[in-house]
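Engineer: One structure is given below, represented as structure tokens, and several questions about it will come after.
The values are calculated or read from the model by the stated rules, or taken from the named source; none is laboratory data. These numbers come from a predicted model, not from an experiment. Note that we place each Cβ from the backbone using ideal geometry, even for glycine, and neighbour counts take in every protein chain shown.
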Amino acid sequence: MSCFRLENVSYRYDKALVLNGVDLRLEPGEILGLFGHNGAGKTTSIKLILGLMTPTQGRVSVLDGEAGNSHISQHIGYLPENVMFYPQLTGREILNHFARLKGAPLSQVPQLLEQVGLGDAMNARVKTYSKGMRQRLGLAQALLGKPKLLMLDEPTVGLDPVATADLYRLLRRLRNEGTGIVLCSHVLPGVEPYIDRAAILTDGAVKAVGDLASLRRQANMPVTLSIEPANGTSALEKAIAGASAGSGLIIKKDDGRLQVDVRPSEKMALIQSLLNSGEVQDLGIYQPTLEDVYVHFIGAGGLAHRGGGQ
Ligand SMILES: Nc1ncnc2c1ncn2[C@@H]1O[C@H](COP(=O)(O)OP(=O)(O)OP(=O)(O)O)[C@@H](O)[C@H]1O
């Protein structure tokens with residue numbers, strides 16, 4: 001059973017095509033990062049999975065059923081991007097209300113509030129909560145009923161670094177228990193170790209999807225070697241020039257070391273040759289990060305996308 005499958009899904013708001021032929025799936029026990037510029041179509045994709053809208057074209061199946069079916073929806077947890085609660089109620093009263101709506105046991109409520117770090121604040125009114133506390137209450141709401149599919153839109157907004165790390169640990173535990181999790185975020189630094197796959201959406205289309213190793217292969221971005229010379233930089237530069245046979249490697253000097261950008265397919269041959277040359281004292285290898293890969297796929301036009309206009 002898949003948590004969801006989008007097959008060739010397109011969606012139009014009036015005349016604007018905002019999703020175009022999207023294929024995406026999530027399996028149980030997997031965390032998928034859904035990344036994209038403002039207006040890329042992340043929230044629209046989530047709304048289709050929640051069954052709040054139907055696709056203009058293509059098929060959306062959720063937990064092997066129809067998106068929006070009430071039997072399916074009770075197994076989905078959703079944290080929207082801008083979470084709002086009635087300010088006069090306490091955290092506990094609010095969660096009790098959502099538990100009744102969702103048919104989740106009320107006995108779960110105090111335990112969930114403890115889990116998200118609101119144990120001491122559960123009887124305080126929400127109007128006294130900080131932004132981060134409201135975000136945690138939103139997360140507790142999404143976790144009601146132990147969902148099989150959990151979708152979180154910008155879950156780390158308003159959370160301090162410790163609370164963010166706590167959240168990622170909690171998500172990892174849920175993932176290990178079999179929950180399928182979608183994490184939509186603009187905050188890429190720090191998320192890399194906690195996701196299994198990433199999908200990069202631009203202008204309503206999936207540009208790339210896979211685990212980090214596969215995204216790096218798809219991007220074919222250079223790997224940076226940081227090399228400390230054994231006998232001075234000019235001797236090392238000569239060795240690099242000889243080893244790369246004029247393939248135009250970009251070399252920068254940095255604090256007595258040379259930084260060399262090399263294509264992944266040429267990396268091992270270059271390293272081998274440099275080690276044989278005897279000109280290498282020390283060597284560090286820096287692969288593109290998730291953020292680098294994201295910027296690569298979003299492209300130089302990334303800034304132009306940020307207004308979200310189509
Ligand atoms: N109700 C609507 N009516 C018309 N167009 C809409 C509506 N909601 C969203 N859009 C448009 O659909 C496109 C995709 O929006 P969506 O909210 O899915 O993007 P997103 O990736 O979630 O963006 P963000 O990161 O800014 O939240 C945008 O161009 C947006 O302007």
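Engineer: Between a residue in region 10-31 that is more than 15 Å from LEU201 (Cα to Cα) and any residue that is in a strand (DSSP E or B) and within 11 Å of the ligand (Cβ to nearest atom), which pairs come within a Cβ distance under 8 Å, given they are 6 or more apart or on different chains?
Structural biologist: Short answer, once both residue conditions are applied: ARG12/VAL18.
Engineer: Now for a separate question. Could you list all residues from region 49-63 that are free of Cβ contacts under 8 Å to residues at least 24 places away in the same chain and of a type in the set (Gly, Ala, Ser)?
Structural biologist: Within region 49-63, just GLY51 meets the criteria.
Engineer: Among what's in region 69-78 and is buried (at least 20 other Cβ atoms within 10 Å of the Cβ) and not hydroxyl-bearing (Ser, Thr, Tyr), pick the residue that is farthest from the ligand (Cβ to nearest atom).
Structural biologist: ILE72
Engineer: Kindly indicate which of LEU144, LEU201, LEU150 is surrounded by 19 or more Cβ atoms within 10 Å (Cβ to Cβ) and within 16 Å of the ligand (Cβ to nearest atom).
Structural biologist: None of the other options fit; the residue is LEU201.
Engineer: Which residue, of SER61, SER73, is among the hydroxyl-bearing types (Ser, Thr, Tyr) and closer than 21 Å to ALA104 by Cα?
Structural biologist: Values: SER61 fails: closer than 21 Å to ALA104 by Cα.
The conditions single out SER73.
Engineer: Still on this structure, please answer the following. How about region 13-51: which of its residues are within 9 Å of the ligand (Cβ to nearest atom), out of contact with any Asp or Glu (no Cβ under 7 Å at 6 or more places or on another chain) and over 24 Å from ARG169 (Cα atoms)?
Structural biologist: TYR13, ASP14, ALA16, VAL18, LEU19, HIS37, ASN38, GLY39, GLY41, THR44, SER45, LYS47
Engineer: While we're looking at this one, here's another question. On the given criteria, is GLU66 touching a residue at least 12 places away in the same chain (Cβ under 8 Å), among the charged types (D, E, K, R), more than 15 Å from the ligand (Cβ to nearest atom) and in contact with a strand residue (DSSP E or B) (Cβ under 7 Å, 6 or more places away or on another chain)? Spell out how you get there, then give the answer.
Structural biologist: Working: touching a residue at least 12 places away in the same chain (Cβ under 8 Å): yes; among the charged types (D, E, K, R): yes; more than 15 Å from the ligand (Cβ to nearest atom): yes; in contact with a strand residue (DSSP E or B) (Cβ under 7 Å, 6 or more places away or on another chain): no.
Against the criterion (touching a residue at least 12 places away in the same chain (Cβ under 8 Å), among the charged types (D, E, K, R), more than 15 Å from the ligand (Cβ to nearest atom) and in contact with a strand residue (DSSP E or B) (Cβ under 7 Å, 6 or more places away or on another chain)), GLU66 does not qualify.
Okay, residues lined up against (1) under 26 Å from SER2 (Cβ atoms); (2) charged (D, E, K, R); (3) at pLDDT 90 or above:
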| position | (1), (2), (3) |
| --- | --- |
| ASP196 | yes, yes, yes |
| VAL223 | no, no, yes |
| ILE227 | no, no, yes |
| ASN231 | no, no, yes |
| LYS253 | no, yes, no |
| GLN259 | no, no, yes |
| MET268 | no, no, yes |
| ILE271 | no, no, yes |
| ASN276 | no, no, yes |
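Engineer: If I filter region 148-202 down to residues being of a type in the set (Gly, Ala, Ser) and part of a loop (DSSP other than H, G, I, E, B), which single residue comes out as nearest to GLY36 (Cα to Cα)?
Structural biologist: Here the residue is SER185.
Engineer: Applying the selection to region 174-184, what residues are touching an Asp or Glu at 6+ places or on another chain (Cβ under 6 Å) and either of a type in the set (S, T, N, Q) or within 16 Å of the ligand (Cβ to nearest atom) (or both)?
Structural biologist: Correct list: CYS184 only.
Engineer: Here's a check for you: in region 160-173, which residue that is touching a residue at least 12 places away in the same chain (Cβ under 8 Å) and charged (D, E, K, R) is nearest to the ligand (Cβ to nearest atom)?
Structural biologist: ASP160
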